Amino acid sequence: MNNTSGNNIAFLEGGGEMGKLIRQKDWDKTSLGAAQFWPQSLRTALDILLNSQFPMFLFWGKGLVFFYNDAFRSGLGREGKRPSVPGMEGKDAWPEMWPTIKPLIDRVLINAEAVRSEDQLIPTNRNGAIEDACWTFSYSPVKDETGKPTGVFVTCTETTDKVLAYKKVEENKSAFEFALEATELGTWNYDPISGRFSSNERLKSWFGLSPNQEVELSYAINAMLKSDRERVSEAIRKALEFSSGGNYDIEYTIVHPITKKEILVHAKGKTWFNEQKIAYRFNGTLEDITEKAMATKKIRESEERYHHLIYSSPSAIGILYGEDLVITIANDAIIKIWGKGKEIMG
């Protein structure tokens, strides 16, 4: 018997597929009884739910009888929930969700106050299998004619894709930070508008700061070798001008404020500009090139000593290189023997 075929059920008209399923159901066999006798509070809630394009569902009465709309069902995959779900008690309709959502329902019914959660992980029956899904939702009390909370009205939206995307960003960020640590680079980020300057722990340690201390740009400038300060300040000023292209590439020396140890660093950065050509971000890396510079200096000094020994030697010395025997080094003594000028050198 179709107990919604009688009079006084205009509130069930329309509502898409779910409205049709509710109209076809024999409600006499449920704890709610015939639909024409449902209280006005339930009628109003269902009228809002069934005619909304936003995902919604409702728990009603002692058994927390469950209703939901087409917008919610569309998020449940190809199969969705069984047609018999509308009218089932909540614990039977959503056994996979019940341990998570029942405490929320109880809070709403006991306190008569709405609860909200963002990106909540809730196991969801979709396409015939239980999947981990994230939802942002609001649970609100629906009061009956006596003013008592009798139902729980839920609006929700699935945020699984957003959460996964955020998680991916965090994973990439962690991988990037790990790569930076592996390369032993210092990093900085400067907001020209607010004047806020931040950096990683390695850069802070070079400037004699603890991991929890903030770095001020003026402090960083003052920690440089005095002869480098004006040059670096000018390079930063130019990098913050749109006409410069925002590029920053410079070497300078940092003097540790406590140990007075000097390190030579190579700074590379980029300024970002908005549509008004105003700089809103200036960030980059700092590499300690002290050992590299020392090694280069030693090689250069060694080469200079080598060349000095050859050119100052009274013995005739010439060095030829490659298959074509290109003369790369020849001192005056051997040039005199060859009877040719220095133009013979390759």
If residue 250 meets every condition in (1) surrounded by 14 or more Cβ atoms within 10 Å (Cβ to Cβ); (2) part of a helix (DSSP H, G or I) apart from one, which number is that one? (2)
Tally up the residues in the range 191-226 that are in contact with a strand residue (DSSP E or B) (Cβ under 7 Å, 6 or more places away or on another chain), among the aliphatic types (A, V, I, L, M) and more than 21 Å from residue 280 (Cα to Cα), please. 4
Reported set for the range 295-319 where residues are at pLDDT 75 or above and either surrounded by 11 or more Cβ atoms within 10 Å (Cβ to Cβ) or touching a Phe, Trp or Tyr at 6+ places or on another chain (Cβ under 8 Å) (or both) is 295, 307, 309, 310, 311, 313, 316, 317, 318, 319
Inside the range 105-127, the number of residues satisfying the requirement of being part of a helix (DSSP H, G or I) and buried (at least 17 other Cβ atoms within 10 Å of the Cβ) is 3
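One line per residue, one yes/no per condition, for (1) assigned by TED's automatic domain parsing to the domain that holds residue 199; (2) among the charged types (D, E, K, R); (3) farther than 30 Å from residue 194 by Cβ:
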residue: 270; (1), (2), (3): yes, yes, no
residue: 273; (1), (2), (3): yes, no, no
residue: 284; (1), (2), (3): yes, no, no
residue: 309; (1), (2), (3): no, no, yes
residue: 315; (1), (2), (3): no, no, yes
residue: 335; (1), (2), (3): no, no, yes
residue: 338; (1), (2), (3): no, no, yes
Of (1) out of contact with any helix residue (DSSP H, G or I) (no Cβ under 6 Å at 6 or more places or on another chain); (2) under 21 Å from residue 196 (Cβ atoms), residue 261 satisfies all except one. Which? (2)
The condition of being crowded, with 16+ Cβ neighbours inside 10 Å and under 25 Å from the mean Cα position of the chain (by Cα) holds, among 255, 265, 215, only for 215
Residue satisfying all of: in the range 6-30; surrounded by fewer than 12 Cβ atoms within 10 Å (Cβ to Cβ) and assigned to a helix (DSSP H, G or I); modelled with the highest pLDDT among these: 29
Looking only at the range 271-286, and only at residues there that are out of contact with any Phe, Trp or Tyr (no Cβ under 7 Å at 6 or more places or on another chain) and surrounded by fewer than 16 Cβ atoms within 10 Å (Cβ to Cβ), the one that is nearest to residue 221 (Cα to Cα): 278
Take residue 131 and decide whether it is surrounded by fewer than 20 Cβ atoms within 10 Å (Cβ to Cβ) and under 19 Å from residue 91 (Cα atoms). yes
Evaluate the range 242-255: report whether one residue or more is touching a Leu at 6+ places or on another chain (Cβ under 6 Å) and modelled with pLDDT under 90. no
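For every residue, the table says whether it meets (1) out of contact with any helix residue (DSSP H, G or I) (no Cβ under 8 Å at 6 or more places or on another chain); (2) in a helix (DSSP H, G or I); (3) closer than 14 Å to residue 267 by Cα.
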residue: 187; (1), (2), (3): no, no, yes
residue: 198; (1), (2), (3): yes, no, no
residue: 208; (1), (2), (3): yes, no, no
residue: 215; (1), (2), (3): no, no, no
residue: 218; (1), (2), (3): yes, yes, no
residue: 229; (1), (2), (3): no, yes, yes
residue: 232; (1), (2), (3): no, yes, yes
residue: 237; (1), (2), (3): yes, yes, no
residue: 243; (1), (2), (3): yes, yes, no
Part of a helix (DSSP H, G or I), modelled with pLDDT under 85 and not β-branched (Val, Ile, Thr): does that describe residue 180? yes
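The values are calculated or read from the model by the stated rules, or taken from the named source; none is laboratory data. Being a predicted model, the structure only gives us computed values, none of them experimental. Neighbour counts run over all protein chains shown; Cβ positions are idealised from the backbone, glycine included.
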